[in-house]
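Nothing in this text is a laboratory measurement; each read-out follows from the coordinates by a stated rule. Quick caveat: nothing in here was measured; it's all calculated off a predicted structure. In this analysis, Cβ positions are derived from the backbone assuming ideal geometry, glycine residues included, and neighbour counts consider all displayed protein chains.
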Amino acid sequence: MAARKKQGDGPRAVEENSVQRLLGKVLRNWPLFAGCLVVSMAAAYLYLRYTTPVYKIKAKVMIKDEKKSGAGADNQVLAELGMGGRSNVDNEIEVFKSRSLMERVVRGMQLNVRCYSRGAIHQSELFDNKPFVFRYFPDAKDTVDNKTYDYELTMLNNSEIELTRMDNKWKARYGDTLVLPTGKAVVDLNTTDKIEEAKFRINITSYDRIVDKYVGSLTVNAVNKQVSVISLTLQETLPKKGEAVLNRLVEEYMKANVEDNNVITDSTISFIDSRLALVGDELTGIEKEIEGFKKNNELTDISEQSRLLLNSSDAYVKQLTEKQVQLEIVQSLEKYLSDNENNQKVIPASLVVQNSVLYNIIDKYNDLQMKKERLLVGSTEANPLVENMDTQLATLRANMTGGISSMKRDLQINIDKLKQYAGGVESKIRQVPAKERVFLEFSRQQNIKQELYLFLLKKREESAISKSSSLANAKVIDSARRDNSPFKPVKTFVLLVALLAGIGVPGLALNIKEHLNNKISSRADITAYTSAPIIGEICHSEGNQIVVVQKNTHTVLAEQFRAIRTNLRFLLPDPEKKVLIFTSSVSGEGKSFASTNLAAALALSGKRVALLEFDMRKPGIAKNLNIYTNKGLSNYLVGDLMLSEIMVPSGIVDGLYILPSGPIPPDPTEIILLPKLNELFEDLRHHFDYVIVDSPPIGLVTDAQLLADHADASLYMVRLGYTPKHRLQIIHDVYEQRKLPRVNLVLNDVQAGAGYGGYGGYYAYYGKSNESGYFKNDKKSKGGVVDFIRKKLKV
């Protein structure tokens, strides 16, 4: 049913009524809200008390810009392919996030072994303040197999410990090796204080689980696009542990970066070492041949002619030696390059410094090879970037092969020319004795090998110096440092959630209860469905007393009936209008109780009042007043008795007479339709000031509508918490269609202090006055601050 607003109600009035209704609901159920707030705040306190706080540990690292070393060209190539290129900072961010780097930290710090101190309720993890050091050595790479093993470690004294897991026990001295199911462990004492028996929990978890935990709690971001600074944030419950982990992560990154940078240098040194061994053997062989030649030929000195020839050909020999050394190096590089096993290795470029073009090609090839290896850390061979790099490497390799061939041809041409120039000198040398000519050939071979050997030694030393001076491409700006306060749990947020829960949960419960409740529960339920006026309210009565309105009785309930009596003066201002009918929607709404007490209130004011018990199907007024007679209205209406014979004094208030229903007829409706009814009301109007009719519920039978023809006003009973809401449609129809004269509603069973219609404040006010003599028969009021607020808010 659609809600019906009174005429003149506007949006502002509706909003005020909604606010008042909401406040009234809260104040009526303030113990529920207070209890929920206490429970939610207690839960929030316990949560904040025993939840381990989580801190953010932050560090900053600056990455060196590689744009000047070819990164820009790579990005341009990728952009031409439509794939875009990643900056150097982005690549290093991915390295920081990699599992392999975090695994090095976890294994190096043994983060998979955690120690807890036992508390009464909560266990706290220990990191740097442990009285012992627990070192764990797994049998295999990770034998825990993604499981967790808990051990109880008992420090018996300063010399012995005991380790327990289920039914297994290990007892040993500090420093002894313990053989556990998943590996070996050593416990070392870490304090000089005297130890009394103390127990700790040791938790051993698989490396993979801990690595996943720290990778998930690590956040790596670029500070902004304008600088090459990376911000690292780690979430950890132990601030010092988090700082140590983050610092170790940066340290491992630096080491890995230096190792990457030294790959080319290590490859060059390895190549030079192999060549030094070969050239050294050749040089030793030549020197032994010279030694044997001199010994066999008893050659101790060279003639003057040989010295002159050697001096004249010195320039040619020197140049020829240099070219032959270069040719030897080029041939070695050509052999190295032709070996397919070296396709994935870098090429020593420092050996070909004489040719700048070939040197640049080899340098670019090595740089691209290193980038490919870095990319493969987080990718596969099928990655388009890797395939593109393979293509570039193949091209550069072909260019190197061509360059080496070209250089080899040039060197060979130069050597041939030098030999031709030296031919003239050699013709003269032929005139030298044969022994000296052979010795000269040996000397020439010795010089060539010796120059090559010295050249390789020099390059090896240069590479070693380069390796020792290699630095990482990053610099620590800020070392790991925790925030001053934990970022969770957030105290204000938890308290706010607890506050909202303490208010919202009971509010939601009451709202659900209200929607599921099909009974009228408040005055607002009535005013939302009908515009029928409400003449008064009757509070809930705890006792079994039928007549609460008596002489010298000043209870709240009695005063409410007196208030209704006062309102009747405005409802029936004409003295000739004196018949009042009580009805309701269903049985049990309190119309007999209300009609009896209103009649008593009218009689106490000095009026003659007749109370007619016309609810012939279920009479109860006479019985409740201890009036037992077999004569009544049914006898009168059928013509058996006179009016004076059925009127009975109430016995409780002077001037109040009861007309019982009499014997229950087979069809009460037919009795009411008898002509004698008109005579009854005419006589009653003549002899009484007020005539009150207790009729059957109008929602069940039509008796009330038949009796309404003789009434001047109607009081319709509505019992809160009892009358079904769908019965409000009957009230609305009766009021709008004027089926009863001057319909006014009486709200029954209003809870004292509940705030319906303002009677909560009324009750509290007079309850306070009880000590001064008001309501002496009333119980002590429960009013107070809450009722005072209700009164002020009018809710």
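Simple spin-label model, 7 Å along Cα-to-Cβ: residue 282 to residue 644 in nm?
16.0 nm
Please get the size of the charge dipole for region 179-262, origin at its Cα centre, with Cβ charges of +1 on Lys and Arg and -1 on Asp and Glu, quoted in debye to the nearest 20.
Using Cβ point charges on Lys, Arg, Asp and Glu, region 179-262 gives about 200 debye.
Can you list residues whose amide H is under 5 Å from residue 743's amide H, if they're 5+ apart or on another chain and H is modeled 1.01 Å from N?
Long-range HN contacts for residue 743: 714.
Sort region 107-259 into rounded, prolate or oblate with this rule: let a ≥ b ≥ c be the square roots of the eigenvalues of the Cα gyration tensor; rounded if a/c is under 1.5, and if a/c is not under 1.5, prolate when a/b is larger than b/c, oblate otherwise.
Because a/c hits 1.5 or more and a/b exceeds b/c, region 107-259 counts as prolate.
Can you order the peptides 693-702, 185-194 by their average number of other Cβ atoms within 10 Å per residue, highest first?
For the peptides 693-702, 185-194, the packing ranking is 693-702, 185-194.
In region 452-552, which chymotrypsin sites (Phe, Trp or Tyr not before Pro) fall in coil by DSSP and have 13 or fewer other Cβ atoms within 10 Å?
Hits after loop and neighbour filter: 487.
Under unit Cβ charges (Lys, Arg +1; Asp, Glu -1), what dipole magnitude, rounded to 20 debye, does region 467-576 have relative to its Cα centre?
Here region 467-576 has a charge dipole of around 960 debye.
Projected onto the charge dipole of region 181-242 (+1 at Lys/Arg Cβ, -1 at Asp/Glu Cβ, origin at the Cα centre), which of 222, 202, 187 gives the Cα projection farthest towards the positive end?
Of 222, 202, 187, it is 222.
Would you please give the residues with an amide H less than 5 Å from that of residue 536, counting only those at least 5 places away or on a separate chain, with H modeled from the backbone geometry?
Here 747 satisfy the definition.
Check which residues have an amide H placed less than 5 Å from residue 608's amide H, if you skip close sequence neighbours.
Placed amide hydrogens put 689, 690 under 5 Å from residue 608.
How much net charge surrounds residue 51 when only other residues with a Cβ under 14 Å from its Cβ are counted (Lys, Arg +1; Asp, Glu -1)?
+2
Starting with the highest mean, order 501-513, 550-562 by the number of other Cβ atoms within 10 Å, averaged over the residues of each peptide.
Highest-to-lowest ranking by the protection proxy: 550-562, 501-513.
What distance in nm separates the simple spin-label points at residue 289 and residue 673, each placed 7 Å from Cα in the Cβ direction?
Each label point is offset 7 Å from its Cα along the Cβ direction, giving 15.1 nm.
Which of the three applies to region 104-184, rounded, prolate or oblate, going by the alpha-carbon gyration tensor with a ≥ b ≥ c and a/c under 1.5 meaning rounded?
Rounded shape, in that the Cα axes give a/c under 1.5.
Between residue 240 and residue 570, what is the label-point separation in nm under the 7 Å Cα-to-beta-carbon projection?
7.9 nm
Can you give the FRET efficiency to the nearest 0.05 for residue 219 and residue 412, using r as the Cβ-Cβ distance and R₀ = 60 Å?
0.50
Quick one: 3J(HN,Hα) in Hz for region 92-105, Karplus 6.51/-1.76/1.60 with θ = phi - 60°, rounded, Gly and Pro as x.
Rounded to whole hertz, the list is 5, 4, 5, 5, 4, 7, 5, 5, 4, 5, 5, 5, 4, 5.
Please turn the phi angles of region 578-593 into ³J(HN,Hα) values with the Karplus equation 6.51 cos²θ - 1.76 cosθ + 1.60 (θ = phi - 60°), one per residue in order, whole Hz, x for glycine and proline.
9, 9, 10, 10, 9, 8, 7, 7, 9, 6, x, 8, x, 6, 5, 4
Can you list which of the trypsin sites (Lys or Arg not before Pro) found in region 683-741 are DSSP loop residues with at most 13 other C-beta atoms within 10 Å?
Of the trypsin sites (Lys or Arg not before Pro), the ones in loops of region 683-741 whose Cβ has at most 13 other Cβ atoms within 10 Å are 738.
If we count every other residue with Cβ under 11 angstrom of residue 480's Cβ, Lys/Arg +1 and Asp/Glu -1, where does the sum land?
It works out to a net charge of +4.
Multiplying the sequence separation of residue 98 and residue 157 by 0.36 nm and subtracting their Cα-Cα distance, what value in nm do you get?
Residue separation times 0.36 nm, minus the Cα-Cα distance, leaves 16.9 nm.
Which FRET efficiency value, to the nearest 0.05, is calculated for residue 450 and residue 296 with the Förster distance at 25 angstrom and r the Cβ-Cβ distance?
The computed FRET efficiency comes out at 0.65.
Report the GluC sites (Glu not before Pro) located in region 359-426 that are in a DSSP loop and have at most 11 other Cβ atoms inside 10 Å of their Cβ, or state none.
Passing both the DSSP loop test and the Cβ count: 381.
Are any of the pairs 345/459; 60/225; 578/725; 288/449; 97/147 more than 22 Å apart by Cα-Cα distance, and if so, which?
578/725; 97/147
Pull out the extension gain between residue 261 and residue 127, defined as 0.36 nm times the separation in residues minus the alpha carbon to alpha carbon distance; nm, one decimal.
Gain in length upon complete extension: 44.8 nm.
As an exercise, use a Förster radius of 56 Å and the Cβ-Cβ distance of residue 377 and residue 700 to find the FRET efficiency, rounded to the nearest 0.05.
0.05
Once you sort the root eigenvalues of the Cα gyration tensor of region 188-277 as a ≥ b ≥ c, which label holds: rounded (a/c under 1.5), prolate (a/b larger than b/c) or oblate (the other case)?
Cα axes put region 188-277 in the oblate bin.
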